[in-house]
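Computed from the coordinates by the stated procedures, all read-outs in this text should not be read as laboratory data. Model, not experiment: these values are computed from the prediction. Glycine also receives a Cβ, built like all others from the backbone with ideal geometry; neighbour counts cover every protein chain displayed.
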Amino acid sequence: MDKKQIYHSVKLEKDKCVGCTTCLKRCPMECIRVRNGKASILYELCIDCGVCVRICPHNAKVAQTDPINEIFRYKHRIALPAPTLYGQFRNVTSVDHVLSALLSLGFSDVFEVARAADIVSATMRELLKTTTARPLISSACPAVVALIQVRFPELLPNVANVLSPKEVAGKMAKEEYSREHNVPIEEIGAFFITPCPAKMASIHSGRSGYVDGAIAIQDIYGLLSSQLRQPVSEKIRKKRHASWQGVNWATYGGECASLHRSNTLSVDGIHNVIYALEEIENGKLDDLEFFEGSACEGGCVGGPLVFENAFVAQNTVRKLVERMREEDGDLPPALPAPRDDILTDPCAPRDTLKLSDNIAEAISMMERIDELTKTFKGLDCGSCGSPTCRTLAEDIVLGYAKEVDCVFKLKEKVEQLARQMVDLTNL
Amino acid sequence: MERIEKETTYQETRKVEKGDFAAAGQISASYKNMLKRLGVDSKVVRRLAIASYEAEINLAIHTFGGSMTITVYPDHIVLVVKDTGPGIADIGLAMQEGYSTASEQVRMLGFGAGMGLPNMKRCSDTFEITSELGIGTTIEMGFLLTP
C-alpha cells in the first residue's frame, strides 16, 4: 500500500495547541513531535487510535469526521449505527427508539451494524473451523489492524480476512435497499455513526468502498436525544433486528463471546493490545484460538468520539443485552448463516519503521543513534519535542532535530560559552 | 550495554542475571524493535525473537547468569549466548524436545517445558552449542538475511 494513499482522521488544530507534552508522552506509536512550539504527527506511523484526541487538555487534537449535511449528497441515505450508539442513552427503552430518531435526522433508512456483526460472527465461526492460523486475530478494530500493519507485519496472515461489521452493514444495507426500492446502488449513500477516528480513517482509506462516510456519535448526540421520546415508526418496527450477541459487540469481549469457543482472549486499551501482540509474536500464545483487540478501553463504548462515559455506556449496553436476551432466549432464534461474500484480501504491511532502504546504511545509523542516546540523561522528559531520549537521537540522525533541542545539552553548551567568556575577560 | 566499533555491523551485549524472571523478554523485545528499524525481513525478526526469548529465559532459569551478544551484518545476524555455568552434562539429551531439568518452582511459572533448546535450533539457520561442566555453555546462532 502506498503511504500517501492512507487517509488519516486525527488532525491538529494549530491555534489551540500550546506545545505541551501531554500527547507526545501518551502516543502508543511515538509518532508525535513538538516542533516550533506546536505538535505535529508523523502520519506514516499514525494508526488513528485517537489517544491524543481523548487526552489533549486543550482540545487541539481533533478527529475529522463527516458533517451530517454530507448525507444529502445522496438521493437515498442509510444510517449505519454502531451498537455503541445504543449505550449513549441511559433511559432508552428500546433500540427501535434510537433507530426511529435516526430517521428523523434525514436518513431514508437505517441498518444496524450489530446485525452485520451477527453475520461476521457466523462467518468467523466458520473460518475458525477451516483456517489453521492460530490465534486468528479479529479484523474489527481498524486501529488494531493498522497497528499490526505497522508494528507486527509478521502477524498479518493471522488477521481474519473478513470485512468489519460496518463494511458488511454498508454492503447489505445497499443491496437490500436497492432491491426493495428498485434504485441503483450509486444513488445510495451509507453513513456509519462512528465512535472513533480509526473507523473514519478506514472508511476513507477505502478497503471495501461500501461505506461512504462517518458521522461522529458526539456530533449527533444532541439531535438524537431530543427525538428519543417520539413514537417508534412503523417502518422501524417491521425491520429485521440484530440479536443481543450483535449488540454485545459494543463492549470488549463481545466478539469473542459470539464465537462460542472457550480459548479466546479479548484485550482492551492500545498499550495492553501491544503487549498481547508481542506475546503472540513471541509464539507464547500459539494455543489460543481467537484474539480480539480493542484500541479503546472498554471496547468501542470507550471510543474518543462518544458522548457518554465509557463505564456508564458499558452498563447501559449490558442492561440492554440482558433485556434482549430475556426476549430472544440464550441463543438467538435464527442464527444468521455465514457468508463468503464478506471475505476480503489480506491487508498489506505498512512498511514505515525502517530507518533506510539500505540495510548497511540503517546499521550505521543505528550505531549513531546508540552513540547519541548514551550522551543524553535518559529522563525522557519530552522538553525537546521528542517523546524519549532515544527518539530524539533517532530524529537527530534522521535530520529532523538538533542536539541542542535537549535542554540539558543546551545548558552544557551555555555553560561552556560562559566559561569561555570569563576566560576571555581574564586575559 | 556495551558495543564494539566495526564497519557496517551493529553489535550490542546485554547481561541476564540468574533468576531474573521479571526482566525476561525485555531483550528479545528490544531486539525486535531494533531489527524492525533496520528493515530486517519480518519473518527473520520473528524467528530471532522466539530464539532470543528462549535463550533469555534459559539464562534466567538454568544458569548462574550470562550474556547475549547480537551482531547484525548486512547479510546475516549472529546471536551468541554465553553463561558462566553450571554446564550441560549431556547435550544430546538436552536437545530432545520435552527434556528439562527445570525445578518444580520454575515449572509453576509456566516455564521448563523442555522446548527451549529445540526451539532455538528450529528458529535459527545455523546452531552450535558447546558446553563444559563447571565452566558454562556457549550457543551461537546464525540467521541469514535475504536481500
Result row for chain B, helices from DSSP H with C-alpha axial extent 15 Å or more and mean Kyte hydropathy at least 0.0, is B:42-62
In percent, how large is the relative contact order of chain B, given Cα pairs closer than 8 Å and 6 or more residues apart? 26
Toy charge model, Lys and Arg Cβ at +1, Asp and Glu Cβ at -1: region A:357-427 dipole around Cα centroid in debye, rounded to 20, equals 360
Past 22 Å, Cα to Cα, is the threshold; run A:Lys284/B:Lys121; A:Lys61/A:Lys402; A:Lys75/A:Lys171; A:Lys129/B:Lys121 against it and keep the listed order. A:Lys61/A:Lys402; A:Lys129/B:Lys121
Please report the spacing between the Cα centers of region A:1-79 and region B:59-74 in Å, no decimals. 42
Phi-based couplings in Hz for region B:128-139 (Karplus 6.51, -1.76, 1.60; Gly and Pro marked x): 10, 10, 10, 8, 9, 4, x, 10, x, 10, 10, 10
Tell me which DSSP H helices of chain A clear both cut-offs, 18 Å or more of axial length from alpha-carbon atoms and a mean Kyte-Doolittle hydropathy of at least -1.0. A:113-130, A:310-328, A:359-375, A:407-425
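Let me know the charge dipole size of region A:1-93 about its Cα centre in debye, to the nearest 20, where only the beta-carbon of Lys, Arg (+1) and Asp, Glu (-1) is charged.
Details: 16 positive and 8 negative charges, 35 e Å.
Dipole size: approximately 160 debye.
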Please sort by residue number the GluC sites (Glu not before Pro) in region B:1-82 whose DSSP state is loop and whose Cβ has at most 16 other Cβ atoms within 10 Å. B:Glu5, B:Glu7, B:Glu17
For A:Ser266, what residues show an amide H to amide H distance below 5 Å, using hydrogens built from the backbone and excluding near sequence neighbours? A:Glu292
Counting each DSSP H run of 4 or more residues in chain B as -39500 (n - 2.57), what helix-only mean residue ellipticity at 222 nm follows after dividing by all residues, to the nearest 500 deg cm²/dmol? -10500 deg cm²/dmol
Using a 10 Å cut-off around each Cβ of peptide A:274-284, what is the average number of partner chain Cβ atoms that fall inside? 4
Table column - 3J(HN,Hα) (Hz), region A:48-65, Karplus curve with 6.51, -1.76, 1.60, x for Gly and Pro: 6, 5, x, 4, 5, 4, 5, 9, 4, x, 10, 6, 8, 8, 10, 10, 7, 10
Selected from A:Gly302, B:Ala24, B:Ile139, residue furthest toward positive end of dipole (the protein assembly as shown; charges at beta carbon): A:Gly302
Need one number: convex hull volume per residue for the protein assembly as shown, Cα atoms only, in Å³. 187
What are the residues whose amide H is under 5 Å from the amide H of B:Leu145, where those residues sit 5 or more places off or on another chain and H is modelled from the backbone? B:His76, B:Ile77
Using +1 on the beta carbon of Lys and Arg, -1 on that of Asp and Glu, and nothing else charged, what's the dipole of the protein assembly as shown about the Cα centre, debye to 20? 1620
Once amide hydrogens are built 1.01 Å from N within the peptide plane, the residues lying 5 or more places from A:Val159 or on another chain with amide H under 5 Å from its amide H are A:Ile137
Neighbouring partner chain Cβ atoms per residue of A:69-82, average, 10 Å criterion: 0
Listed residue (A:Thr65, A:His97, A:Leu80) projecting farthest to the positive dipole end of region A:34-97, Cβ model: A:Thr65
Using θ = phi - 60° and the Karplus relation 6.51 cos²θ - 1.76 cosθ + 1.60, list the HN-Hα couplings for region A:340-346 in order, rounded to whole Hz, with x at every Gly or Pro. 8, 7, 10, 7, 9, 6, x
Quick one: check the C-alpha center-to-center distance for region A:334-358 versus region A:170-246, whole angstrom. 23
Computed over region A:184-286, the Cα gyration tensor eigenvalues, each multiplied by 5 and square-rooted, give semi-axes in Å (largest first) of 32, 19, 16
Could you work out the helix-only [θ] at 222 nm for chain A, with each DSSP H run of four or more residues adding -39,500 (n - 2.57) and the total divided by the number of residues, to the nearest 500 deg cm²/dmol? -12000 deg cm²/dmol
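Evaluate peptide B:38-50: per residue, the Cβ atoms of other protein chains within 10 Å of its Cβ; return the mean as an integer.
Shielding by partners across B:38-50 averages 5.
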Say the dipole of chain A comes from +1 at the beta carbon of Lys and Arg and -1 at that of Asp and Glu; which of A:Cys381, A:Val113, A:Cys46 then lies farthest toward its positive end? A:Cys381
Which order, highest average first, do A:209-216, B:92-99 follow once you tally other Cβ atoms within 10 Å for each residue and take the mean per peptide? A:209-216, B:92-99
